[in-house]
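The values are calculated or read from the model by the stated rules, or taken from the named source; none is laboratory data. All values reported here derive from a predicted model rather than from experimental measurement. When we count neighbours, we look across all protein chains shown, and the Cβ atoms used for this are built from the backbone with ideal geometry, even at glycine. We work out accessible area using only protein heavy atoms, side chains counted, and drop any ligands, DNA or RNA first. Shrake-Rupley method; radii C 1.70, N 1.55, O 1.52, S 1.80 Å.
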Amino acid sequence: MNRCVLRRALRVLFPSLLLPAVVFAARPNFVVIMADDLGYGDVSAYGAKALRTPNIDRLAAEGVRFTGGYCSASTCTPTRYSFLTGAYAFRRKGTGIAPPNSPLVVPVEGPTIASVLKGAGYRTAVIGKWHLGLGAPPGPDWNGQIKPGPRELGFDYSFLLPTTNDRVPQVFVEDGRVAGLDPKDPLWVGDKSPAPDHPTGISHRKTLKMDWSNGHNQTIHNGISRIGFYTGGHAARFRDEDLADRWVEKTVAWITAERDRPFFLFLASHDPHVPRVPHERFQGKSGLGPRGDAILQFDWCVGEVTAALERLGLAEKTLVIVCSDNGPVMDDGYVDFALEKRGNHRAGGPLRGGKYSVYEGGTRTPFIARWKGVVAPRVSDEIVCTIDLAASFAALAGGVVPANGFPDSFDVSGALLGRPGATGRASLVQQDNGQAGNYGYRAGNWKLVRHDSKQAYNQRVEEQLRNTPVPAFQLFDLAQDVGETKDLSAAQPEILARLKSELAGIVAAGRSRP
Ligand code: NG6
Ligand code: CA
């Protein structure tokens with residue numbers, strides 16, 4: 001059956017389904033490498049001078065380097081939720097930063113980026129930081145089969161850090177089971193101390209190899225105290241220093257095994273999230289302290305994965321995306337001197353705010369798309385977002401998206417591939433962790449900042465994290481003022497009114513794509 005006939009037959013059989021325009025063209029593999037808390041100014045391809053990121057820079061030089069590439073939220077869980085579901089996280093309660101024992105926060109009814117690609121014949125895997133909860137309520141059965149999880153969302157294979165590495169436990173969950181768990185030493189995870197003499201970051205502060213500055217003072221593992229309590233599972237515990245190496249190993253092994261079939265891999269790094277404890281070979285290498293060293297480690301990971309693709313002859317068959325889950329933060333709860341040692345380095349580049357913020361620094365990050373030999377190298381100012389990868393990959397893979405699926409994901413595949421004249425989004429909603437009713441809304445080069453709480457958190461990435469009073473609405477012209485310094489809301493009342501109403505409409509409508 002030729003493509004046209006097949007398309008027509010599919011339309012007749014499934015008239016309610018959206019069929020993408022590029023069906024069954026050369027279908028690339030997809031590799032998404034997502035950093036954790038990496039800022040717009042943190043890599044040399046985006047202007048960093050204090051450290052070099054040669055592997056990321058190479059991808060940027062061979063692909064499309066976006067200056068308007070975003071994640072959808074300025075914290076981890078909501079960005080990852082949106083990346084998987086193509087839906088803005090503010091539409092669903094319980095999608096803020098997930099605690100250690102959180103059940104899965106993504107509905108298994110789908111669709112997800114993984115289930116749609118799996119439906120299109122792709123092999124699918126997630127390796128790295130998950131932070132979307134695991135298991136049914138009230139939470140994961142750490143000593144049994146943990147489900148639902150990635151498998152129920154369409155991933156054939158998963159090898160996960162369950163939450164973040166500053167939260168307990170420090171174990172890998174591989175295909176729904178704690179890897180290497182000795183049943184004689186069961187793993188217990190909780191939010192209350194299991195015993196009066198259980199050592200914590202408070203009781204044993206002097207023994208810590210990295211002190212905490214805020215929170216992060218409960219169970220100690222590997223000389224670092226964390227959020228939450230746990231006991232047992234000793235044989236399964238990893239060293240923080242080995243996290244990146246294990247994920248690279250697993251990634252290269254999985255790609256090698258799947259080399260002959262189309263695949264989608266989500267590699268979710270933990271760098272440079274706290275606690276910043278890269279492998280010994282990176283320690284002290286950036287001159288910027290552990291935060292900079294962790295960025296070097298992230299760049300190394302990108303290099304290893306890229307080299308594996310080259311070695312396997314897959315570079316010309318694979319669309320690689322490098323992005324981040326939210327913007328940068330300096331002191332995020334451990335004493336690692338990120339601010340004191342940063343010198344001239346500006347993690348957010350020229351942008352205002354960072355992690356936790358709805359100013360540009362919270363969500364505008366490095367964003368690179370490379371499909372060697374297909375993507376023409378260029379710098380693009382088009383607006384693209386991690387939330388768009390669901391619809392865009394579906395379009396490139398010939399995946400079938402149900403009519404109500406991916407409600408906020410736009411097919412920006414043309415922009416990702418750097419096609420001349422192809423556009424990205426016209427507008428994008430940015431959110432913070434999702435509780436306070438704070439939004440950024442970028443429409444063209446106008447940016448509306450809405451703080452229902454009239455409080456902004458992390459307005460300046462250099463400052464101690466705290467709430468500071470701000471007006472409920474601010475308006476900026478990003479073309480003239482990318483640093484959001486000059487509030488034009490009084491000078492441009494019509495534009496202000498238009499953006500306020502568009503944002504309110506998108507929030508109320510439950511979907512934003514056509
Ligand atoms: C915060 C943690 C912070 C980080 C964040 C989640 C404290 C004081 N702060 O609550 O360290 O873990 O949650 O980060 O505990 S994220 O990138 O996964 O969203
Ligand atoms: Ca993050």
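List of remarks:
- With a requirement of 1 or more residues that are at pLDDT 95 or above and among the aliphatic types (A, V, I, L, M), the helices (runs of 4 or more DSSP H) lying completely within the range 345-438 that satisfy it span 389-397, 413-416.
- Test for Gly228: is it over 19 Å from Pro140 (Cα atoms) and either within 16 Å of ligand 1 (Cβ to nearest atom) or touching a His at 6+ places or on another chain (Cβ under 7 Å) (or both): no
- Scanning the range 234-285 for residues that are surrounded by fewer than 21 Cβ atoms within 10 Å (Cβ to Cβ) and not in a helix (DSSP H, G or I) turns up Arg237, Phe238, Arg239, Arg259, Asp260, Arg261, Pro262, His279, Gln283, Gly284, Lys285.
- Across the range 126-162, the qualifying residues are those that are in a strand (DSSP E or B) and in contact with a Ser or Thr (Cβ under 7 Å, 6 or more places away or on another chain), and the one among them that is nearest to ligand 2 (Cβ to nearest atom) is Lys129.
- Pro290 open to solvent by less than 20 Å² (accessible area, probe 1.4 Å), closer than 27 Å to Ile220 by Cα and within 24 Å of the chain's Cα centre (by Cα): no
- In the range 151-162, the residues that are open to solvent by less than 10 Å² (accessible area, probe 1.4 Å) and away from ligand 1 (no atom under 15 Å from the Cβ): Leu153, Gly154, Phe155, Ser158, Phe159
- For the range 45-59, the set of residues classified as open to solvent by less than 20 Å² (accessible area, probe 1.4 Å) and of a type in the set (S, T, N, Q) consists of Thr53 only.
- Test: residue in the range 317-335 that is more than 16 Å from Leu465 (Cα to Cα), surrounded by fewer than 24 Cβ atoms within 10 Å (Cβ to Cβ) and either without any contact (Cβ under 8 Å) to a residue 40 or more places away in the chain or aromatic (Phe, Trp, Tyr) (or both): no
- Considered as a group, the residues in the range 163-199 that are part of a loop (DSSP other than H, G, I, E, B) and of a type in the set (Gly, Ala, Ser) include one that is farthest from ligand 1 (Cβ to nearest atom), and that residue is Gly180.
- Among the residues of the range 304-315, those identified as open to solvent by 10 Å² or more (accessible area, probe 1.4 Å) and not hydroxyl-bearing (Ser, Thr, Tyr) are Glu304, Ala307, Glu310, Arg311, Leu312, Gly313.
- Tally of residues being in a strand (DSSP E or B) and either under 15 Å from Leu448 (Cα atoms) or of a type in the set (Lys, Arg) (or both) across the range 459-496: 5
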